[in-house]
Amino acid sequence: MNWAAIGAIYRFEMARFFRTLMQSFLSPVLSTSLYFVVFGAAIGSRIQEVEGVSYGAFIVPGLVMLSVITQAISNASFGIYFPKFTGTIYELLSAPVNFLEIVLGYVGAAATKALFIGIVILLTASFFVELSIAHPLAMVLFLLLTCLSFALLGFIIGIWATNFEQLQLVPLLIVTPLIFLGGSFYSISMLPPMWQTITLFNPVVYLISGFRWSFFGMADVPIGLSLMAIAAFTCLCLGVIWWIFRTGWRIRS
């Protein structure tokens, strides 16, 4: 394993993040505050509690997942797309670095950035509501797995994209709607039976449900099923990335 190469890629990507640290820091703080004003105040005044948890606290795991998933995808996709756009990816491919080391560098940096944003969201939320974490180790595990798995997805999107518009296509048209329809701001038990069944086909439901369980000890789906779903998604992304580097799809052409 070429740890020097992994470290060089990781430090390069993190340096780009720290150059815009204030923007990266202020954006999630402002967006989280806005969500609390709109959902916590407006809707929270009508929905006092959800399964014994105040509505303001109930939406915190969903807010964290929303920010972490979108940030992991955007950082990873832009990180690998920009070398493709400038042509410097060929220098990377010709270097004595294998695909796993490239992935570890780019995906590791994107996951670190998303984790930072998730922590910022949690700290911001603590100023609005009283938070208690019933299972802190499970919370950290779900947070890390989510950052990693969606950074891998973002890496795939960055390789697939042929222009900057396509970088936003999947996150805006597919991922973000799935997050909003995955129980971010409500419990799927509040839906009619037919829609509860349909919602279970949304993979994001299992992430949000498991992450919410780590806070309040309640979940819409079994916690074991949530862990299996995110593990399977991570393995699927790794398999796709292996195939991409094996065939050179959208990299060497």
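All of the numbers you see were taken from the coordinates with simple rules; none came from a lab. A quick note: this is a predicted structure, and the numbers were derived from the prediction, not measured. Counting neighbours? That spans all protein chains shown, and the Cβs are built from the backbone with ideal geometry, glycine included.
Quick notes on this one:
- Folded to 0 to 90 degrees: helix 204-216 orientation relative to the chain principal axis, Cα: 60
- Computed over the stretch 153-253, the ratio Rg/Rh where both radii use C-alpha atoms and Rh is Kirkwood: 1.06
- Relative contact order, whole percent, for the chain stands at 26, derived from Cα pairs under 8 Å and 6 or more residues apart.
- Ranked by the mean number of other Cβ atoms within 10 Å of their residues, highest first, the peptides 70-81, 132-143 fall in the order 70-81, 132-143.
- Ranking of 27, 67 by count of other Cβ atoms within 10 Å, fewest first: 27, 67
- Residue 176 paired with residue 8, simple spin-label distance in nm, labels 7 Å along Cα-to-beta-carbon: 3.7
- For the listed peptides 117-129, 229-241, a ranking on the average number of other beta carbons within 10 Å per residue, highest first, reads 117-129, 229-241.
- Long-range HN-HN contacts of residue 47 with modeled amide H, under 5 Å: none
- Per-bin percent of Cα-Cα distances, the stretch 3-247 [10 Å]: 7, 31, 34, 19, 7, 1
- Each Lys or Arg adds one and each Asp or Glu subtracts one; over the other residues with Cβ under 14 Å from the Cβ of residue 93, this totals +2.
- C-alpha center-to-center spacing [the stretch 13-44, the stretch 118-151] in angstrom: 15
- Divide the volume of the convex hull around the Cα atoms of the stretch 1-104 by the residue count and you get 125 Å³ per residue.
- 3J(HN,Hα) couplings calculated from phi for the stretch 28-37 with the Karplus curve 6.51 cos²θ - 1.76 cosθ + 1.60 (θ = phi - 60°) are, in sequence order, x, 5, 5, 5, 5, 4, 5, 4, 5, 5 Hz; Gly and Pro show x.
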